[in-house]
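The values are calculated or read from the model by the stated rules, or taken from the named source; none is laboratory data. These figures come from a predicted structure and were not determined experimentally. Using ideal geometry, Cβ is built from the backbone for each residue, glycine included, and neighbour counts are taken over all protein chains shown. SASA here: full protein model, heavy atoms, side chains in, ligands and nucleic acids out. Shrake-Rupley method; radii C 1.70, N 1.55, O 1.52, S 1.80 Å.
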Amino acid sequence: MLKLSNLAVIKIIRIRILTNFLSLFIILTGCLPLSAHENGDTISLDGIWQLRQQGSSEIVNAVVPGTIFTDLQCNKIIPDPFFSANEEKLQWISDTGWVYEKYFELDHTFFTNRYMKLVCEGLDTYAKVYINDSLVITADNMFKSWYVSLKGILRIGYNKITIEFHSVTKLNKTFYEKLKYKLPGDERVVCRKAAYQFGWDWGPRFVTMGIWRPIYIKYSRYVDMLDVDFIQKSLSDSLARMSASFVINSALADTADFKLTVDSTVFFIGREILKKGINAIRIDFDIINPKRWWPTGFGAPARYNLGYQVWVSGRKEAEGHQKIGLRTVELVQKPDSIGTSFYLKVNGIPVFIRGANYIPMDNFLTRVTDSMYTALIADVAAANMNMLRVWGGGIYETDIFYDLCDEKGIMVWQDFMFANAMCPGEDQFFTSVRDEVTQNIVRLRSHPSIVLWCGNNEIDEGWSNWGWVKDYGYDKQDSSRIYLTYRKIFHELIPNALLLHDTLRPYIATSPLLGWGNEESLKKGNLHYWGVWWGKEPFETYNDKVGRFVSEYGFQGFPDYTTIEKFTMPADRHFGSVAMKAHQKSPVGFETIQEYMEWYYKVPSDFAMYGYVSQLLQADGLKTAIEAHRRVKPACMGTLYWQLNDSWPVISWSSRDYYGKKKASYWAACHAYRDFFVSPVMKGERLNVYATVDEPEDQQAELLVVLADFDGKVLWQEVKKYNFSAKKTEVVTDTNLSSYLNGADKSNLFIYAQIKNILGIRASKLIYFVPPKEMKLEKAPIEITIQKSKDGCDIELYTTKLAKGVFLSTAVAGEFSDNYFDLMPFEQKRIQFVTRDQDIPFDFQDSIHIISLIDACME
């Protein structure tokens, strides 16, 4: 037994398995899930390549990983695809083929290796790969990695790799026309490629091609490591039973020395006999008193860094590491008094889910940098979210995305990449999907942040509720055949792959279970509620239409005005411009924002002010929904709004625009998603205050509730200590305010509720008696004082009258810690301005521009 800090690790048994169905399944299907940069040596082929259009001799430089659009833009062959209406002008790029080529040199010592293979982690999408003019790979799936042995193909000296990318749009059209019947989703359904790149109601159509993930040659002398997995077999507070599983292809019969480490401390050294060919080795060990991985708010997201080395004949043949987190996850779907529950238990504790739906951060994926991922997940954590749903029309994200979620305790609902379309039933398609699913399960299974697999987005709902059968004219036989294909993928193929490769997290076949027009959708399963927006229902409908777990809902808002400036000329900044229309992809977008704005706000005529008010409107819808969901906990146990981010600059449902600018809806979610939750609600002239805390244990704190007017005159207040429940939301105050409201002008009143403990204000909420357009707002003189701090400035704001929707902006690089807030009379509001700049300009205070809703009403 070895003592490792507070950890005891015991090696129990070593087992050498000569035949292992699971390992052989991986090998025989070609789904090698290796983290190849960690297993053996590699020669990177990333960097500068040569690019030409098929049939052309004109050559330009290209950067790999990359896409054809970014390469052409870098060479100034095309303009910025995101600017103005350039999207339409650049569709020709997808309708032709492109050729990437590179030379690389190998000396004679390289050929002492017995294993040498080409690894393409991502080819988008239809591609043929040639090494020294020999065809070695024919690719047809963007989501797969491709591997091939290069033994006998490589040569001493210069070698040439050529990758021909064929037009996705043309091949899709050809394949689609050969189908026995047309399928919902049209031509994109025949292709395993990110669906959003064909256009969505928030994104453009840029059908990309290119080498979009790393490409390299992996080589080793004796041993080819095919798979490594550290498996959690069981977990309790006192003991975690673990296995280290290795699948090794050995060039000869020999002995191999294994070294295992935890957090760089060696806990196992042992020797195993390798036979020539495939070997499956398992080393079992225990972790005593294990530290668990917890989602944010429930404990530390503890992880173990487990490493390995494999030595043969005195040479290190393979090494690598995996950071793993130990935890249990259960999806509870049990009959109850309402219908059927839908909630997650992590480490045995029910967790109320607070989060958003995530889409890819760019239409050109290789432009997303590690620092952009870091900033995004930091914003997610700062907004008090504990989950992101990786939507099925995008991609299986890069490792750093999941690493950051692991580190921050952000849970991930992971869709497989299927969305809003039925699938072909051809054998080749099934084979491609099987390989894709297997590879990505194996690649992602070590991440503790992933707590739920979901087969697809809205396909079952589309088939059942969107009229596909009628629209496509299917007869009964065709309908049965198409739906049988659906069931084979989402009820057989994917569950079977999970049974083989990952049994530590639950799976659901589709999201949602039922359509939002079905009353049963409020009683069971997870719900996508689109009565608001698509159904043109008022925001107040959210209070009644609450499901068991609401995984989609939302409303559009304009992006930050500086974002609009980036994709328009000054003359374009009005609703009728071609540029603005090109950046509103919803067919009912402008009219729906206008209609809802007329319901709740005075509509500004100024374009910039209109965008500002649209953000306040979007925020109102979002917080109305979130509060409705949290008020009925535990009947509802999750809320994921649509959507967190954008893939290009656009008017959309996002709360964080393409350039990372936070909309008013981001700040609304930030406040509504605090661990402590308080929600005052007027029912007639009776005030109910709802409250809960999303922590493992009940918490005692002070509750303050105030009725006041816009000038700060307090008409009534209540202060009391309360033990706030962690298990359910309760009514903590029930008061009749009729005597205070009798004869009062409700257009000049608000209610403020606050929860406070030794850590400060943990939750707060302002509500009003009339919609914003009926409020008697006056120009509020906002005083601002600034004091320099370590990371920027501390800012204090003060006013003697209510200021609604206070928005601060500055040209100085940095971020405010809060924005788009309502400032109460006589409140001293303290926020921070955080900047990387060492020196804040002496005139920084003068650079801050402050507006509030009254400014939009007075223009």
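Between the alpha-carbon centres of the stretch 581-649 and the stretch 391-408 there is a gap of 26 Å.
Per-residue SASA remark: Ile273, around 100 Å² accessible (1.4 Å probe; ligands, DNA and RNA not included).
Would you work out the charge dipole size for the stretch 270-415 about its Cα centre, treating the Cβ of every Lys and Arg as +1 and the Cβ of every Asp and Glu as -1, and quote it to the nearest 20 debye?
Details: 17 positive and 16 negative charges, 92 e Å.
Its charge dipole is roughly 440 debye.
Based on the Kirkwood approach, the hydrodynamic radius assigned to the stretch 415-513 is 14.3 Å, with every pair of different Cα atoms included. For Val812 and Met569, the FRET efficiency from 1/(1 + (r/R0)^6), where r spans their Cβ atoms and R0 equals 30 Å, is about 0.75.
Among 478-484, 622-628, sorting by the average number of other beta carbon atoms lying within 10 angstrom of each residue, highest first, gives 622-628, 478-484.
Note the direction-averaged projected area, equal to a quarter of the hull surface, for the Cα convex hull of the stretch 316-368, in nm². Please report the intermediate quantities before stating the final value.
Working: hull surface 32.6 nm².
Over every viewing direction, the Cα hull of the stretch 316-368 projects on average to 8.2 nm².
May I ask you to list the lysines whose Cα is less than 29 Å away from that of Lys180, ignoring any residue fewer than eight positions away on the same chain? Of all the lysines, those that pass the test against Lys180 - Cα under 29 Å, at least 8 places apart if same chain - are Lys128, Lys144, Lys170, Lys193, Lys470, Lys476, Lys488. Between the stretch 716-774 and the stretch 527-542, the alpha-carbon centres lie 26 Å apart.
Can you tell me how much longer the chain between Ile288 and Lys173 gets when fully stretched, taken as 0.36 nm per residue apart minus their C-alpha distance, in nm with one decimal?
Working: separation 115, 0.36 × 115 = 41.40 nm, distance 5.79 nm.
Taking 0.36 nm per residue and subtracting the Cα distance, the gain is 35.6 nm.
Positive end of the dipole of the stretch 499-611 (Cβ unit charges, origin at the Cα centre): among Met580, Tyr553, Pro538, the Cα lying farthest that way belongs to Tyr553.
Over the stretch 490-553, the pair-distance histogram of Cα-Cα distances with 10 Å bins from zero comes to 21, 39, 23, 14, 3 percent, rounded to whole numbers. Between 0 and 90 degrees, the angle of helix 399-408 with respect to the longest Cα principal axis of the chain falls at about 50 degrees.
With a 1.4 Å probe and every protein chain left in place, tell me how much accessible area Asp675 has, in Å² to the nearest 10. Using a 1.4 Å probe on the heavy atoms, I get roughly 40 Å².
Computed from point charges on the beta carbon alone (+1 for Lys and Arg, -1 for Asp and Glu), the dipole magnitude for the stretch 130-196 about its Cα centre is near 120 Debye. For His671, His108, the ranking by accessible surface with the largest value first comes to His108, His671, using a 1.4 Å probe. Hey, rough spin-label estimate for Lys773 and Lys536, points 7 angstrom out along Cα→Cβ, what's it come to in nanometres? Result: 1.5 nm between the two label points. When Rg and the Kirkwood Rh are both derived from Cα coordinates, the Rg/Rh ratio for the stretch 466-625 amounts to 1.09. Label-to-label distance for Ile761 and Arg487 is 5.6 nm, based on points extended 7 Å past Cα in the beta-carbon direction.
Tell me whether the stretch 206-257 comes out rounded, prolate or oblate; compute the Cα gyration tensor, take square roots of the eigenvalues as a ≥ b ≥ c, and use a/c under 1.5 as the rounded threshold.
Here the stretch 206-257 falls in the oblate category.
Distances between every pair of Cα atoms in the stretch 119-211, grouped in 5 Å steps from 0 to the bin holding the largest one, split as 3, 12, 21, 19, 16, 11, 8, 5, 3, 1, 0 percent. Computed over the stretch 256-329, the percent of Cα pairs more than 17 Å apart is 53. Inter-label distance, Ile831 to Ile269: 5.9 nm, where each label sits 7 Å from its Cα along the C-beta direction. Taking a Cβ cut-off of under 12 Å around Gly517, the surrounding Lys, Arg, Asp and Glu residues balance to a net charge of -3, with basic ones at +1 and acidic ones at -1.
Sorted by accessible area with a 1.4 angstrom probe, largest first, how do Trp413, Trp534 fall?
Working: Trp413 0, Trp534 105 Å².
From most exposed to least exposed: Trp534, Trp413.
Look at the dipole of the stretch 418-497 built from charges on Cβ: of Val469, Ser449, Val437, the Cα furthest out on the positive end belongs to Ser449. Within the stretch 357-474, the ratio Rg/Rh, alpha carbon atoms throughout and Rh by Kirkwood, equals 1.03. When all alpha carbon pairs of the chain are counted in 20 Å bins from zero, the resulting P(r) reads 14, 44, 34, 9, 0 %.
With contributions of -39500 (n - 2.57) from each DSSP H run of at least four residues, the per-residue ellipticity at 222 nm computed over the chain stands at -6000 deg cm²/dmol.
Using only the heavy atoms of the protein chains and a 1.4 Å probe, how would Asp839, Asp224 rank by accessible area, largest first? Let's see the in-between values first.
On the way: Asp839 115, Asp224 5 Å².
From most accessible down to least: Asp839, Asp224.
A straight line joining the Cα centroids of the stretch 254-322 and the stretch 676-711 runs 50 Å.
Accessible area per residue for the chain is 39 Å², calculated with a 1.4 Å probe on protein heavy atoms, without ligands, DNA or RNA.
Of the accessible area of the stretch 68-115, computed with a 1.4 Å probe over protein heavy atoms only, carbon and sulfur atoms account for 53 percent.
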